[in-house]
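Data first, discussion second: the structure below is written as structure tokens.
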Amino acid sequence: KKLPKDVNPKAVFACNELDLKEVNVYGFDYDYTLACYKPSMDYVLYNLGRQILIEQYKYPPEIAQLEYKPGFAVRGLHYDIEKGILLKLDSFLQIQFGSVYKGLTPLSTEEVLKLYKNRIIPIAYVEGHTKNASDSHSKMVQLADLFSVPEMGLICNVADYFECNHIDYHPEILFRDVKSSVKSSHPIMHKIVSDNVSEYIESNDKLRPFFDRLRNANKKLFLVTNSPYKFVNKGMEMLVGSDWKDYFDVLIVQARKPRFFTDISRPIRVFDEQSGSHIWDRVTKLEKGIIYYEGTVKQLQDLTGWRGHKVLYFGDHPYSDLADVTLEHGWRTGAIINELTHEIATLNNVDFKKNANWLQMLTQLIEDHQDCEDPEEQRILMKWMTERDKLRNEIKFVFNPQFGSVFRTYHNPTYFSRRLFRFADIYTSNITNLLNYSVNHTFYPRRGVMPHEYISYFV
């Protein structure tokens, strides 16, 4: 059977129809959106978090020997803070067996079923009952951004150390301690990165031409980031040049997303570059060249008049960047998903295509012949089932040996995928991939095949 064409790794993918002619205002997050970090960033966050665990939280000094394991965790996983389990869920809240870990140890299907009594986890356990995530009573947290990947690596390493040395620990306390340690290490990380920007940030010589194109088309640009000004300034000077601020009509730092998008009232303040602190003046208009601090999306909209489908905002976090602006404010949204580069390279591999193709055909054979009763036919059917299981695992392992693809659990989309497709109109691996399209381009989503429609082996 003819194999599908390669996917373009620099393409922009549409979940929802988006006409760029309607967009007058482009908004951006900073971390992992305009600035994409090198793997060295993961090591910095991991090492700083580990150091704070030992020095401030009095964890055993032996954990200083636990090195970061790159490629262990992937984005989109769930961590059960009650049971201390790292696992992968699909869009139906089903556990992907073979991708459930306690510390660094994979759990068998029997162990997982003993823990959860079911392969499907109730939604209240995953998401809690309240709208505001900070008040949520869910037992699970999701790694929805790339900063949380080294955090999970640290939790799993320390949990593994405790398990191996038979040290009693409380999974939730470990989770809270690691989260606090990594969070409190951010100011130190900001200084380390600022002192040696090129060591940690991927250079992108297409970013300035991308901004030039938007300005030449009379588009408005704004930045809303949780990072502090000095840190953003150092990175943007390297990426765009010392005049980078001239491109932006509004600059808001330390925005405290997602609260920037959800809080009803929190005054927007002016940040003074000279003194490095904020000024107490009331802000009645947003001016170009002035750095703003905190505030809410309501004030941003009221002071600029930028509303609804005329605004396109890019971020890397489907929840804190994209969910509220699309659901509450009707903005258009774009997700920057760095992992697409690796995922698409894997999809384009010829062996992967052959395996994926044969898996679909084998599944069809099993489906068509499963009701047979002859013992010989039953034996062949069992052989096919065994081969199918082996194929599914091979396809999974090529993405990541522990957890597989960020986007799929076997055949279903992951929980992360479902949320991404719901909250992002378009997604791509790098913001500058948009240079491959005109500012008047319309992105059309692919017409997917529904279960009751025509058969295609590759859908």
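The values are calculated or read from the model by the stated rules, or taken from the named source; none is laboratory data. None of the values given here were measured: they were computed from a predicted structure. Don't worry about glycine lacking a Cβ; one is built from the backbone with ideal geometry, like all the others, and counts go over all protein chains shown. Heavy atoms of the whole protein, side chains included, go into the accessibility calculation; ligands, DNA and RNA do not. Shrake-Rupley method; radii C 1.70, N 1.55, O 1.52, S 1.80 Å.
Odds and ends about this structure:
- Look at (1) touching a Phe, Trp or Tyr at 6+ places or on another chain (Cβ under 9 Å); (2) farther than 22 Å from Tyr101 by Cβ; (3) open to solvent by 10 Å² or more (accessible area, probe 1.4 Å) and you find that Lys2 fails only one, number (1).
- Residue list for segment 169-199, restricted to those being modelled with pLDDT of 95 or more and acidic (Asp, Glu): Asp177, Asp195, Glu199
- Test for Gly241: is it under 25 Å from the mean Cα position of the chain (by Cα) and either under 21 Å from Thr33 (Cα atoms) or in a helix (DSSP H, G or I) (or both): no
- Residue match in segment 30-48 (condition: open to solvent by 10 Å² or more (accessible area, probe 1.4 Å), in contact with a helix residue (DSSP H, G or I) (Cβ under 9 Å, 6 or more places away or on another chain), assigned to a loop (DSSP other than H, G, I, E, B) and acidic (Asp, Glu)): no
- Against the conditions (1) in contact with a strand residue (DSSP E or B) (Cβ under 9 Å, 6 or more places away or on another chain); (2) assigned by the TED database to the domain that holds Tyr68; (3) open to solvent by less than 10 Å² (accessible area, probe 1.4 Å), Ser185 satisfies every one except (1).
- Qualifying positions in segment 312-338 - closer than 17 Å to Asp19 by Cβ and not small (Gly, Ala, Ser): Leu312, Tyr313, Phe314, Thr326, Trp331, Arg332, Thr333
- Test result for Gly98, in a strand (DSSP E or B) and either of a type outside the set (Val, Ile, Thr) or under 25 Å from Thr225 (Cα atoms) (or both): yes
- Search result, residues across segment 324-337 that are open to solvent by 10 Å² or more (accessible area, probe 1.4 Å) and either under 14 Å from Ile426 (Cα atoms) or not in a loop (DSSP other than H, G, I, E, B) (or both): Asp324, Thr326, Leu327, Arg332
- Search result, residues across segment 61-103 that are surrounded by 15 or more Cβ atoms within 10 Å (Cβ to Cβ) and more than 30 Å from Arg392 (Cβ to Cβ): Ile63, Leu66
- Whenever a residue of segment 59-72 is among the β-branched types (Val, Ile, Thr), its partners that are surrounded by 13 or more Cβ atoms within 10 Å (Cβ to Cβ), lying with C-beta atoms within less than 8 angstrom and at least six residues away or across chains, give the pairs Ile63/Arg50; Ile63/Leu53; Ile63/Ile54; Ile63/Asn157; Ile63/Val158; Ile63/Tyr161.
- Residue among Glu127, Glu110 that is surrounded by fewer than 14 Cβ atoms within 10 Å (Cβ to Cβ), among the acidic types (Asp, Glu) and over 22 Å from Gln56 (Cβ atoms): Glu110
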